[in-house]
């Protein structure tokens with residue numbers, strides 16, 4: 001209602017809610033690790049960050065080698081879940097049996113290399129200082145210092161509160177700590193403040209003890225019995241990463257189980273595949289230990305008919321000098337390297353580009369089985385991707401099929417880039433159209449949906465994701481009275497039809513060469 005003559009400005013909503021594409025190569029690793037939070041998905045963006053949180057490489061942890069290979073080959077974001085494998089936490093009491101009891105920040109034998117010291121705080125009679133030191137091979141590799149701590153309840157510098165907020169090495173064990181006055185705890189140690197603690201050797205500090213690594217992966221009955229609960233149970237921890245998404249999943253520890261124990265590995269992969277399908281993610285499957293060209297088809301049969309369109313299998317395993325034992329080679333699962341190549345290809349070309357070919361070089365490993373073209377042929381037609389070695393290019397991924405890619409299946413999801421592009425579109429639209437829920441289900445809403453979905457697909461088309469010179473040839477978006485009937489409206493349903501023409505990889509290059517005779521006339 002206007003009372004005074006003049007010019008008025010009104011801002012009108014544009015009806016435009018741009019749809020942003022989700023990530024394409026965030027990779028989830030679920031496995032046994034020597035250190036770090038258990039049963040929790042932790043976002044890691046570099047190998048250095050992984051070392052700080054999870055302890056780096058461990059000779060018995062296949063997952064640690066896979067993550068090292070992932071970052072080495074171009075990976076950028078990993079969600080790491082340390083599986084529960086029965087590991088126990090190291091503990092220490094300060095002073096022994098009195099006042100304050102500490103626990104290593106996470107289970108594992110690594111905590112047995114922790115040392116702790118306490119001293120009277122400088123210029124204070126009621127506070128104390130704390131030194132935590134991690135040793136490796138007799139040498140201190142990490143240290144944390146905390147000054148002016150207290151055991152008084154409610155104090156801002158209460159030791160439990162400070163360690164919980166700042167320490168990556170230890171935490172207070174409330175079940176065994178006693179609320180002694182800080183002065184009593186500090187007075188129990190004649191060393192004066194942090195300066196005195198720093199001068200102490202390992203023998204002068206209190207040692208942690210009791211840490212145990214639990215069951216590590218191996219081709220053994222012990223790991224077979226633990227794998228289903230450890231890995232299968234750890235997958236659900238990825239529920240907590242919302243609003244982030246993961247796009248790829250690797251379970252490298254299952255590669256330690258051999259052909260005779262494939263059934264358990266197949267059970268876990270079936271659980272993982274179902275989880276990936278619910279979350280628009282893609283599963284990278286490793287071959288079992290001891291796999292050969294002669295028996296690898298038995299593994300695909302063991303996986304069954306459900307692990308197909310959202311999964312790909314890579315053969316063989318890789319070998320390289322062991323960073324922990326450079327004089328000897330180590331055989332390791334290829335999934336980490338392959339996931340890194342996926343991420344590298346996505347960043348350079350897009351999710352619609354096959355993560356294979358001469359640009360898909362494998363860093364830090366070479367295939368354990370060197371094959372020729374005729375030897376690869378039977379595997380390729382069964383949907384098994386092979387890592388090959390070629391002159392000049394060295395080790396490269398030479399296959400881009402899903403486990404639905406066997407010739408006999410004639411599946412529309414034969415190729416990895418086609419399936420991953422579809423998952424990318426589905427997940428992006430699912431998240432980008434949340435605003436439409438509870439909006440009036442009529443033409444204005446349908447027009448807005450068509451506008452936003454068309455804009456999103458047009459961007460992908462300009463980047464080269466679809467076939468066709470024009471948008472009409474590349475994709476279609478339909479949201480109107482034909483897709484959403486009156487009956488649908490009464491049920492609260494809005495139907496959107498989206499179709500696209502994906503670019504399929506040129507798997508076979510056919511050269512037709514003809515000799516032409518020169519006309520002598």
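Across region 468-490, the number of residues qualifying as surrounded by 10 or more Cβ atoms within 10 Å (Cβ to Cβ) and over 28 Å from residue 356 (Cα atoms) comes to 11.
For residue 463, state whether it is without any contact (Cβ under 8 Å) to a residue 40 or more places away in the chain, out of contact with any strand residue (DSSP E or B) (no Cβ under 6 Å at 6 or more places or on another chain) and more than 22 Å from residue 311 (Cα to Cα). I'd like the intermediate steps shown before the answer.
Values: without any contact (Cβ under 8 Å) to a residue 40 or more places away in the chain: no; out of contact with any strand residue (DSSP E or B) (no Cβ under 6 Å at 6 or more places or on another chain): yes; more than 22 Å from residue 311 (Cα to Cα): yes.
In short, no.
Would a scan of region 489-496 turn up a residue that is in contact with a helix residue (DSSP H, G or I) (Cβ under 8 Å, 6 or more places away or on another chain), free of Cβ contacts under 8 Å to residues at least 12 places away in the same chain and outside any helix (DSSP H, G or I)? For region 489-496, residues in contact with a helix residue (DSSP H, G or I) (Cβ under 8 Å, 6 or more places away or on another chain), free of Cβ contacts under 8 Å to residues at least 12 places away in the same chain and outside any helix (DSSP H, G or I): absent. Candidates in region 409-437 are the residues that are in the same structural domain as residue 243 (by TED's automatic domain parsing) and without any contact (Cβ under 8 Å) to a residue 12 or more places away in the chain; of these, the one that is nearest to the chain's Cα centre (by Cα) is 412. Of note, residue 201 satisfies the criterion of being farther than 28 Å from residue 259 by Cα, surrounded by fewer than 21 Cβ atoms within 10 Å (Cβ to Cβ) and not assigned by TED's automatic domain parsing to the domain that holds residue 331.
Evaluating residue 14 against the criteria (1) exposed (fewer than 10 other Cβ atoms within 10 Å of the Cβ); (2) over 24 Å from residue 460 (Cβ atoms) leaves one unmet condition, (2). Being surrounded by fewer than 24 Cβ atoms within 10 Å (Cβ to Cβ) and in a strand (DSSP E or B) is the filter here; which residues of region 270-311 pass it? The one that is surrounded by fewer than 24 Cβ atoms within 10 Å (Cβ to Cβ) and in a strand (DSSP E or B): 289. The number of residues in region 26-38 that are closer than 19 Å to residue 60 by Cα and touching a helix residue (DSSP H, G or I) at 6+ places or on another chain (Cβ under 7 Å) comes to 8.
Scanning region 45-70 for residues that are closer than 15 Å to residue 28 by Cβ and surrounded by fewer than 21 Cβ atoms within 10 Å (Cβ to Cβ) yields a single hit, 45. In the condition set (1) crowded, with 21+ Cβ neighbours inside 10 Å; (2) over 30 Å from residue 429 (Cα atoms); (3) touching a strand residue (DSSP E or B) at 6+ places or on another chain (Cβ under 6 Å), residue 248 is compliant with all but (2). Out of the residues in region 99-117 meeting the condition of being crowded, with 24+ Cβ neighbours inside 10 Å and within 19 Å of residue 148 (Cα to Cα), tell me which one is modelled with the highest pLDDT. The residue in question is 102. For region 280-321, a tally of residues being at negative phi and touching a residue at least 60 places away in the same chain (Cβ under 8 Å) returns 22.
Taken as a whole, the condition of being within 30 Å of residue 216 (Cβ to Cβ) and over 33 Å from the mean Cα position of the chain (by Cα) applies to residue 101.
Among the numbered conditions (1) in contact (Cβ under 8 Å) with a residue 24 or more places away in the chain; (2) farther than 29 Å from residue 22 by Cβ; (3) in contact with a helix residue (DSSP H, G or I) (Cβ under 9 Å, 6 or more places away or on another chain), the only one that residue 325 does not meet is (3). Of all residues in region 394-421, those that are in a loop (DSSP other than H, G, I, E, B) and surrounded by 15 or more Cβ atoms within 10 Å (Cβ to Cβ) total 10. The sole residue among 238, 254 that is assigned to a helix (DSSP H, G or I), over 19 Å from residue 314 (Cα atoms) and in contact with a strand residue (DSSP E or B) (Cβ under 9 Å, 6 or more places away or on another chain) is 238.
For region 22-61, a tally of residues being without any contact (Cβ under 8 Å) to a residue 40 or more places away in the chain, within 15 Å of the chain's Cα centre (by Cα) and part of a loop (DSSP other than H, G, I, E, B) returns 2. Considering region 75-98, and only residues there that are in a strand (DSSP E or B), modelled with pLDDT of 85 or more and over 15 Å from residue 169 (Cβ atoms), the residue that is farthest from the chain's Cα centre (by Cα) turns out to be 88.
The values are calculated or read from the model by the stated rules, or taken from the named source; none is laboratory data. Not measured: the values here are computed from a predicted model. Glycine also receives a Cβ, built like all others from the backbone with ideal geometry; neighbour counts cover every protein chain displayed.
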